[in-house]
1. Would you check if residue 291 is in contact with a strand residue (DSSP E or B) (Cβ under 7 Å, 6 or more places away or on another chain) and over 26 Å from residue 107 (Cα atoms)?
2. Could you check residue 109 against (1) more than 16 Å from the ligand (Cβ to nearest atom); (2) in contact with a helix residue (DSSP H, G or I) (Cβ under 6 Å, 6 or more places away or on another chain); (3) in the same structural domain as residue 63 (by TED's automatic domain parsing); (4) closer than 21 Å to residue 358 by Cα and say which number it fails?
3. Do you know which residues across the range 168-183 are more than 13 Å from the chain's Cα centre (by Cα) and under 16 Å from residue 106 (Cβ atoms)?
4. Checking residue 135 against (1) within 14 Å of the ligand (Cβ to nearest atom); (2) buried (at least 19 other Cβ atoms within 10 Å of the Cβ); (3) not assigned by TED's automatic domain parsing to the domain that holds residue 163, which single condition isn't satisfied?
5. In the range 332-365, what count of residues is obtained for those that are farther than 15 Å from residue 109 by Cα, more than 23 Å from the chain's Cα centre (by Cα) and part of a loop (DSSP other than H, G, I, E, B)?
6. Quickly run through the range 160-188 and pick out the residues that are away from the ligand (no atom under 11 Å from the Cβ), touching a strand residue (DSSP E or B) at 6+ places or on another chain (Cβ under 7 Å) and touching a residue at least 60 places away in the same chain (Cβ under 8 Å).
7. Sort out which residues of the range 191-204 are touching a helix residue (DSSP H, G or I) at 6+ places or on another chain (Cβ under 6 Å) and either under 17 Å from residue 330 (Cβ atoms) or within 16 Å of the ligand (Cβ to nearest atom) (or both), and write them in order of number.
8. Looking at (1) within 11 Å of the ligand (Cβ to nearest atom); (2) not assigned by TED's automatic domain parsing to the domain that holds residue 65, which is the one condition that is false for residue 84?
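The values are calculated or read from the model by the stated rules, or taken from the named source; none is laboratory data. None of the values given here were measured: they were computed from a predicted structure. Methodologically, a virtual Cβ is constructed for each residue, glycine included, from the backbone with ideal geometry; neighbour enumeration extends over all protein chains shown.
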Ligand SMILES: NC(=O)c1ccc[n+]([C@@H]2O[C@H](COP(=O)([O-])OP(=O)(O)OC[C@H]3O[C@@H](n4cnc5c(N)ncnc54)[C@H](O)[C@@H]3O)[C@@H](O)[C@H]2O)c1
C-alpha cells in the first residue's frame, strides 16, 4: 500500500450523502483520490461514478474491499449497516469514515471501536459540524474568551422530514428525528464546550405530524447538563415547514453569538472583551461585529474529508472519532429513556440488549 500522496478512497453508498462525500473528496485532490464506489442497486454506483469520474464501480462492497490499493472507505449507507460495514472495512485493513449516527447500539459502538483498534486502522466519525466554518469560528472566539465563561449552547436542526424511506423505518434508522439530527446537536454541544463530562439528559419528544409515516418521533427537545456547569439545548424537527434550518446560539457571562447556516452570511456577534479577527478592515472586534466565514465550504464537508485523509497520512490527529460517536449514542439512549419516563437521566446510562435506541421510548410509551 502506498503511504504518500493523496489517500486512495472508496465510498459505500451512491445516493444523498454519498454524493456529498464524492463532491468533497474530489474537492481536495491534494489529500484524497476517489478511486471506487459500491452500491447494490444496479446502475446507481455507475451514475455517481460518471458524475465524479470514479474509475471503479461495484455492486457488492465486499468485492470493493478486496482491492488492495484502497486505503480509506467512507460509509454513506443506512444506519443499521454502519457497524457491520465498519467491521468489514477494518478487517480488510482499511481506515474507516463512518457517517452519523455511529451505529444502532452501544454494543455495536464498542465492537466497532475495538475492531478498528485491533486492526490498527482509524475509525473517524463524520460529524461535519466540527468542521462547519461558521461554527468553528464561533468556537475559536469562545476559546479566545470572547464570551467569558459559556453557560449555554444551543443547536437547532429542522426540516419537514428525510428523503429516503429507510429513515422513517425505526428498525433501519434506530429512531426518529432525535437519532437522525439530534446526534448532530449532541456532538456539537459536547465538542463546543470542550468535551466535558455529561451529568444528565432530559428529553421531550412526540410524533406530531407524521403519524401516518413512522413510529419515530418527529419533534424533540433535549437538554444536556454538563459537569462544567453549562447546559446544551438541542431542538430537532422533521415537522418544520419552510425548508432546512441549522443554527446555533452561544451564551456566556461576557457575550454571545448566533450563527445561522441558511439565513445569514455572517455571525452577528456581541463581545465585551473582543477577540482576534472579525473581517477585513473591521475597526473593532468589541460590541456588535459580523465576523466572516467561508461561504463555499459553509457546511465543512470538504474540510472534514481533507482532515480525515490527512489523519490517514499521520499529518493530523483525528478530531472526530468512534469515541465521539459512542458518547452521542449514550446520550441518545438516555434521551429516549428520559422521554419515556419524564425524568432526567443521569449518565452513565448504558441499557444493554436493546436493538434500537428508540425502543427505550416506544416500549414504555
Ligand atoms: N452528515 C450529514 O449531515 C448527513 C446527511 C444525510 C445523511 N447522512 C447519513 O448518511 C447515511 C446515508 O444516508 P443517505 O441520506 O445517503 O441515504 P440514502 O438512502 O440517500 O442512500 C443510502 C445509500 O446506501 C446504499 N445501501 C443500502 N444498502 C446497502 C448495502 N447493503 N451495501 C452498500 N450500500 C447500501 C443505498 O443503495 C444508497 O446508495 C446515513 O447514516 C445518514 O444518517 C448524514
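1. Criteria met by residue 291.
2. (1)
3. Passing the criteria: 174, 175.
4. Against the list (1) within 14 Å of the ligand (Cβ to nearest atom); (2) buried (at least 19 other Cβ atoms within 10 Å of the Cβ); (3) not assigned by TED's automatic domain parsing to the domain that holds residue 163, residue 135 comes up short only on (3).
5. Total satisfying the criteria: 6.
6. 177, 178, 182, 186, 188
7. 191, 201, 202, 203
8. Of (1) within 11 Å of the ligand (Cβ to nearest atom); (2) not assigned by TED's automatic domain parsing to the domain that holds residue 65, only one is false for residue 84: (2).
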